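Undergrad: Structure in structure tokens, see below.
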Amino acid sequence: MTVCDRQAHCRRGLCRPHDVRWWDQDRKGLTTDFEVWCRTAAPVVSGHEVILRGLTPLVQAEILFGLQQRCGRDVITYLYQLRVVARRLHSHGVATIVDVDASTLPRHIRPLVQELQAAVSESTTGPDREQHKDIWNMRVFGHGRKRLDFTVVAQPWLRSAAKHWVLEELPLRRGPNVAAVLRDHVNSVAALGNSLRLHRPDDGIDPAALGRADIVAFLNRLRHQESAGDLSAYQRRKTAQHAALVLRECRALGLARPGRPLAGLSQEFTFRRHDLPRCPRTTHRAGPCPIRSSLCLSPRSTASRPPADAISASLSNCSSTPVADRPRSATCRGTASTRTGTANTR
């Protein structure tokens, strides 16, 4: 057995733990081929060690490199999880850890396998290779452990244009939410592509056949989604603005020239200035004119400031109820005046 270095104790050439395991599985009918069982049997675990024997040298190097990256980020790796991962890789006979489908693994070891795959992928790729994929690992571009999915854009020419635009925007963006902001723009372009796919007979595959009517259909679809409650007014406005921005800047980047993604796209396929919904205005109630005029006075011009009695009179005049109909207020003012006069007399 390639995974065991223990001394054999029987004529089958197995150590005692593996011989007992083989006898038990053979008796239960779980396996019949002795050679296949020897190649896929798990090692005997003892002490604080993880046995990588039986894996290909490439898989062993990938596991060690991934563990080194995790240790560099002060991430704890439990032995039992690593043992299960090594046992799974050995039983499946994989040539590289990148080929493993992490979605089929148990939940408690799935994050570990995904991080090992991410570490290996990042070490073997770069921005030049990553930009040709449909799902970008943003860590390659220096923007954290996030992904940017372009598969949401249905049309190949529109997806390629979105990739070019994002590639131009990445060096210009700063902050922790760069991936989220760019994802919003890509989703807006995907909304434009979905509109083309729904109302055009060719699903919007041919950019030369597009025109102004397709933009109008997209805007009407956004308006319908807002009225149906699928989009808010803010989302509708941002979706239209982002799609118009990407389309306008893609033309400015020269993507409409022959041989580029937008080659043959008509100039009629564009957003006009008044196509974008305006921001809803928030109305505020202004105070009465005497109050605003007194508040707007400069603090330095104290000589021109009206006296307190004049301001009180202005407030009384601006009130909806006459002063004469409020004897309690008049009494209070009289009492306050009397007390003030008494205090001044003393």
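The values are calculated or read from the model by the stated rules, or taken from the named source; none is laboratory data. Keep in mind the model is a prediction, meaning the values are calculated, not measured. Note: ideal-geometry Cβ built from the backbone for every residue, glycine included; neighbour counts use all protein chains shown. Note: accessible area is taken over every heavy atom of the protein model, side chains too, but ligands, DNA and RNA are not part of it. Shrake-Rupley method; radii C 1.70, N 1.55, O 1.52, S 1.80 Å.
Undergrad: Provide a single number: the residues in region 82-102 that are under 26 Å from Gly144 (Cα atoms), open to solvent by 30 Å² or more (accessible area, probe 1.4 Å) and not in a loop (DSSP other than H, G, I, E, B).
TA: Qualifying residue count for the region: 2.
Undergrad: Could you list, in sequence order, all residues of region 203-240 that are within 22 Å of Arg159 (Cβ to Cβ), open to solvent by 50 Å² or more (accessible area, probe 1.4 Å) and of a type in the set (Asp, Glu)?
TA: Asp203, Asp206
Undergrad: Also, I was wondering about something else. Let me confirm something: among Arg237, Arg223, which residue is at pLDDT below 95, in a helix (DSSP H, G or I) and over 25 Å from Asp149 (Cβ atoms)? Even if it seems obvious, please write down each step before you answer.
TA: Values: Arg237 fails: over 25 Å from Asp149 (Cβ atoms).
From the options Arg237, Arg223, the qualifying one is Arg223.
Undergrad: Could you list, in sequence order, all residues of region 99-117 that are of a type in the set (A, V, I, L, M, F, W, C) and either within 19 Å of Arg53 (Cα to Cα) or in contact (Cβ under 8 Å) with a residue 40 or more places away in the chain (or both)? Walk me through it before giving the result.
TA: Restricting attention to region 99-117, the residues satisfying the condition of being of a type in the set (A, V, I, L, M, F, W, C) are 100, 102, 105, 109, 112-113, 116.
Matches in region 99-117: Val100, Val113, Leu116.
Undergrad: Right, here's the next one. For the structure I just gave you, tell me whether Arg200 is over 17 Å from Gln267 (Cα atoms), charged (D, E, K, R) and touching a residue at least 24 places away in the same chain (Cβ under 8 Å).
TA: On the way: over 17 Å from Gln267 (Cα atoms): yes; charged (D, E, K, R): yes; touching a residue at least 24 places away in the same chain (Cβ under 8 Å): no.
When the stated conditions are applied, Arg200 does not pass them.
Undergrad: Oh, and also: For region 247-264, does any single residue satisfy the condition of being free of Cβ contacts under 8 Å to residues at least 40 places away in the same chain and more than 20 Å from Trp165 (Cα to Cα)?
TA: no
Undergrad: Further question on the same structure: Please go through region 64-74 and give me each residue that is at pLDDT below 90 and either more than 27 Å from the chain's Cα centre (by Cα) or in a loop (DSSP other than H, G, I, E, B) (or both), ordered by number.
TA: Arg73, Asp74
Undergrad: Taking Ala243 as meeting all but one of (1) surrounded by 20 or more Cβ atoms within 10 Å (Cβ to Cβ); (2) free of Cβ contacts under 8 Å to residues at least 12 places away in the same chain, write down the number of the exception.
TA: (2)
Undergrad: Can you name the residue in region 42-63 that is at pLDDT below 75 and hydrophobic (A, V, I, L, M, F, W, C) and, of all such residues, is most open to solvent (accessible area, probe 1.4 Å)?
TA: Checking each candidate, the answer is Val45.
Undergrad: Additional query: Out of all the residues in region 193-218, which are of a type in the set (S, T, N, Q) and touching a Phe, Trp or Tyr at 6+ places or on another chain (Cβ under 8 Å)?
TA: Initial filter on region 193-218 (of a type in the set (S, T, N, Q)): 194-195.
Ser195 - this is the single residue of region 193-218 that is of a type in the set (S, T, N, Q) and touching a Phe, Trp or Tyr at 6+ places or on another chain (Cβ under 8 Å).
Undergrad: Given the condition in a helix (DSSP H, G or I), of a type outside the set (A, V, I, L, M, F, W, C), at pLDDT below 95 and farther than 23 Å from Arg159 by Cβ, answer yes or no: does some residue in region 276-289 qualify? Give the steps one after another, and end with the answer.
TA: Filtering region 276-289 for residues in a helix (DSSP H, G or I) gives 289.
Applying the additional criterion that residues be of a type outside the set (A, V, I, L, M, F, W, C) yields none.
Within region 276-289, none of the residues are in a helix (DSSP H, G or I), of a type outside the set (A, V, I, L, M, F, W, C), at pLDDT below 95 and farther than 23 Å from Arg159 by Cβ.
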